[in-house]
1. Roughly speaking, what is the centre-to-centre gap between segment 109-146 and segment 17-66 when only Cα atoms are used, to the nearest Å?
2. In percent, what relative contact order does the chain have, based on Cα pairs under 8 Å that are 6 or more apart in sequence?
3. Classify segment 61-108 as rounded, prolate or oblate, taking a ≥ b ≥ c as the square roots of the eigenvalues of its Cα gyration tensor: rounded when a/c is under 1.5, otherwise prolate if a/b is larger than b/c and oblate if not.
4. Would you compute, for the Cα atoms of the chain, the largest minus smallest coordinate along each principal axis and list the three values in descending order, in whole Å?
5. Using a 1.4 Å probe on the protein chains only, how many percent of the accessible area of the chain belongs to carbon and sulfur?
6. In the chain, if the dipole is taken from +1 on Lys/Arg beta carbons and -1 on Asp/Glu beta carbons about the Cα centre, which of ASN126, GLY32, ILE52 is farthest to the positive end?
7. May I ask for the net charge around GLU117, where only other residues with Cβ less than 12 Å from the Cβ of GLU117 are counted and Lys, Arg are +1 while Asp, Glu are -1?
8. With every protein chain present, what is the per residue accessible area of segment 2-187 (1.4 Å probe, Å²)?
Amino acid sequence: MNIILFGAPGAGKGTQAERIVAERGMVQLSTGNMLRAAIAAGSDLGMRAKEIMDRGELVSDDIIVGMIDARMDQDDCAKGVILDGFPRTVAQAKALDEMLAGKGLPLDHVIEIKVDENALFARIENRAAETGGARSDDNAETLRKRLAVYHENTAPLLPYYLEKGVLRSVDGMASIEDVAAQIDNLLG
Ligand code: AMP
């Protein structure tokens, strides 16, 4: 089973992806985590990505699609993947369709974690406090930009996946356990 966890920054995609990994043995593919690993490794890609991420903008589709394509070829992904933070543009979604078709893999569910955006500022502030400011994009100013980018580039994926008949939504304002239960229900 291959699924996409979809939602605004701070919706809880990463939290839920980690739980699904622990319970179902699937593999989490978080493009944000991959980019942060590249930054930590001090690679050229990391250096270029950091500036873009700190501005709350999107890293280019080519780089992101290349990263996911290479990762999906690794053996562990045969167990099924949870895409977290990818795709974020219609071009990425189309590239994913082609990639999956080429590998003979299905896209089973796109799960939208719906949240009230006003609550996201407090969540991001909490995450910054809990992680000791590990993410330099976890601040109100960058979050405003990330939300604007989400509306402009990422929200158009909702009608894209609705039309394909794979889109499901859960109430992301519920507790972590309750959101997890809603997702489990959908996954069966
Ligand atoms: P995330 O950890 O998913 O919130 O991603 C953090 C940042 O990494 C984003 O604000 C973007 O700058 C970059 N990023 C992560 N995933 C993507 C993607 N699929 N496409 C473009 N940029 C991305």
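1. If you average the Cα positions of each part, the centres end up 16 Å apart.
2. On the way: 242 pairs, mean separation 61.7, N = 188.
RCO, the chain: 33 percent.
3. Values: a/c = 1.58, a/b = 1.40, b/c = 1.13.
Prolate shape, in that a/c is at least 1.5 and a/b is the bigger ratio.
4. Here the spans come out as 40, 39, 31 Å, largest first.
5. On the way: 4690 of 9240 Å².
Answer for the chain is 51 percent, counting heavy atoms of protein chains only.
6. ILE52
7. Working: positive: LYS114, ARG123, ARG144, ARG146; negative: ASP116.
Once all neighbours under 12 Å are counted, the net charge is +3.
8. Working: 9090 Å² over 186 residues.
Solvent-accessible surface per residue comes out at 49 Å².
The values are calculated or read from the model by the stated rules, or taken from the named source; none is laboratory data. Because the structure is a prediction, the values reported are computed rather than measured. Quick reminder, even Gly has a Cβ in these numbers, built from the backbone with ideal geometry, and neighbours come from all protein chains shown. Each accessible area value is taken on the protein alone, full model and side chains, heavy atoms only, with ligands, DNA and RNA left out. Shrake-Rupley method; radii C 1.70, N 1.55, O 1.52, S 1.80 Å.
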